[in-house]
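Trainee: Just dropping this structure here.
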Amino acid sequence: MTREQSRANTRERLLRAARSVFARSGFHGASVEEIASEAGFSTGALYSNFSGKEDLFLALMEREIDEHAGEIADAVRARASIAERATGGARQWMTMIEREPEVLLLFMEFWAYGVRDARMRPKVAAQFARMRELLTMLIADGVREFDLELDIPAEQLAVAIDALADGIARQKLADPDAVPDELMGRVLSLLLAGAARPAGTGSPTAR
């Protein structure tokens, strides 16, 4: 490998190890020594790629959000109606929870880390805002493509959908049998049906 390839490989192995260790031990419970050891490196290799545990955690969350946001966007855009887009996106989210429950633990740890540390809160909030921005864009695309109007701004609807996804995921992780796999898709379809209408028909409150 070239020097650049070797460095990229080391960084990737550190990120994979950090994913496991942070999900298992939490941010405060994890140590750079444990992460480096799990990756098969010394702490020197970790510090040559990241300024410390905090920098590694932020880099990991950026990667995880990018990866899963891309999967959800692909699942939504491949559908031919608003209802199908809702169920497609919801199904992808639930598949991720089943396939990689540690990702949800990471997101929860990331949230807790941010709200407890005022210094880091803006950086953590900026990462979560990227997912809401994607949802806002997907909603706006659907509204335009299917000639709809919304009763609330797309940005606010994105916040509600993001909160629904987080809540359903936590319930599924805690009590899988209580949360049918199709529940989120059904609720999301109802939410969108109540918030959107054909363009030009006027607000329901005005009729």
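Rule-based calculations on the coordinates, nothing more; no lab input. None of these values were measured; they are calculated from a predicted model. Reconstructed Cβ throughout: ideal geometry from the backbone, glycine too, with neighbour counts over all protein chains shown.
Trainee: Cβ under 13 Å from Gly29's Cβ, Gly29 left aside: what net charge do those residues give with Lys, Arg +1 and Asp, Glu -1?
Mentor: Numbers: positive: Arg24, Lys53; negative: Glu33, Glu34, Glu109.
Spelling it out: positives minus negatives among the neighbours equals -1.
Trainee: I would also like to ask the following. Can you give the helix-only mean residue ellipticity at 222 nm for the chain, where every DSSP H stretch with n ≥ 4 adds -39500 (n - 2.57) and the sum goes over all residues, rounded to the nearest 500 deg cm²/dmol?
Mentor: On the way: 9 runs with 160 residues, N = 207.
When only DSSP H runs of four or more count, the value is -26000 deg cm²/dmol.
Trainee: From the phi of every residue in the range 176-185, what ³J(HN,Hα) in whole Hz does the Karplus formula 6.51 cos²θ - 1.76 cosθ + 1.60 yield, where θ is phi - 60° and glycine or proline is x?
Mentor: Rounded to whole hertz, the list is x, 5, 7, 10, x, 4, 8, 4, 4, x.
Trainee: A follow-up question, please. With a sphere of radius 15 Å drawn around the Cβ of Phe50, what net charge do the other residues whose Cβ falls strictly inside it have (Lys, Arg +1; Asp, Glu -1)?
Mentor: Details: positive: Arg7, Arg11, Arg13, Arg16, Arg19, Lys53, Arg63, Lys123; negative: Glu12, Glu33, Glu34, Glu38, Glu54, Asp55, Glu62.
Residues near Phe50 contribute +1 overall.
Trainee: If you take the Cα atoms of the chain, find Rg, then find the Kirkwood Rh from the mean of 1/r over all pairs, what is Rg/Rh? Provide the component values of the computation, followed by the final result.
Mentor: On the way: Rg = 19.7 Å, Rh = 18.8 Å.
Looking at the chain, the ratio lands at 1.05.
Trainee: Give the share of C-alpha pairs in each 5 angstrom bin for the range 80-149, from 0 to the last occupied bin, in whole percents, shortest bins first.
Mentor: Values per bin, smallest distances first: 3, 14, 16, 19, 17, 14, 10, 6, 1.
Trainee: Under the Karplus relation 6.51 cos²θ - 1.76 cosθ + 1.60, θ = phi - 60°, what is the ordered set of whole-Hz ³J(HN,Hα) values for the range 146-156, x standing for Gly and Pro?
Mentor: 9, 6, 10, 10, 10, 7, 9, x, 4, 5, 6
Trainee: What list of ³J(HN,Hα) values in whole Hz, one per residue of the range 30-44 in order, does the Karplus curve 6.51 cos²θ - 1.76 cosθ + 1.60 (θ = phi - 60°) give from phi, with Gly and Pro shown as x?
Mentor: 7, 10, 5, 5, 5, 5, 4, 5, 5, 7, x, 10, 8, 5, x
Trainee: Right, something else. Between the DSSP loop rule and a limit of at most 11 other Cβ atoms within 10 Å, which trypsin sites (Lys or Arg not before Pro) in the range 30-130 are left? Write out the running numbers ahead of the final one.
Mentor: On the way: sites: Lys53, Arg63, Arg77, Arg79, Arg85, Arg91, Arg99, Arg116, Arg119, Lys123, Arg130; in loops: Arg79, Arg119.
Taking the range 30-130 and a limit of 11 other Cβ atoms within 10 Å, the loop trypsin sites (Lys or Arg not before Pro) found are Arg119.
Trainee: If the viscosity is 0.890 mPa s and the temperature 25 °C, what Stokes-Einstein diffusion coefficient in µm²/s follows for the range 1-57 when Rh is the Kirkwood radius over Cα pairs?
Mentor: Values: Rh = 11.1 Å.
Value of D from the Cα-based Kirkwood radius: 221 µm²/s.
Trainee: Given contacts defined as C-alpha pairs under 8 Å and at least six residues apart, what's the relative contact order of the range 20-90, whole-number percent? Write out the running numbers ahead of the final one.
Mentor: Numbers: 34 pairs, mean separation 11.5, N = 71.
Dividing the mean separation by the residue count of the range 20-90 yields 16 percent.
Trainee: Where Lys and Arg each count +1 and Asp and Glu each count -1, what net charge lies around Arg77 among other residues with Cβ under 12 Å from its Cβ?
Mentor: Values: positive: Arg79, Arg85; negative: Glu71, Asp74, Glu84, Asp141, Glu145.
So the environment of Arg77 carries a net charge of -3.
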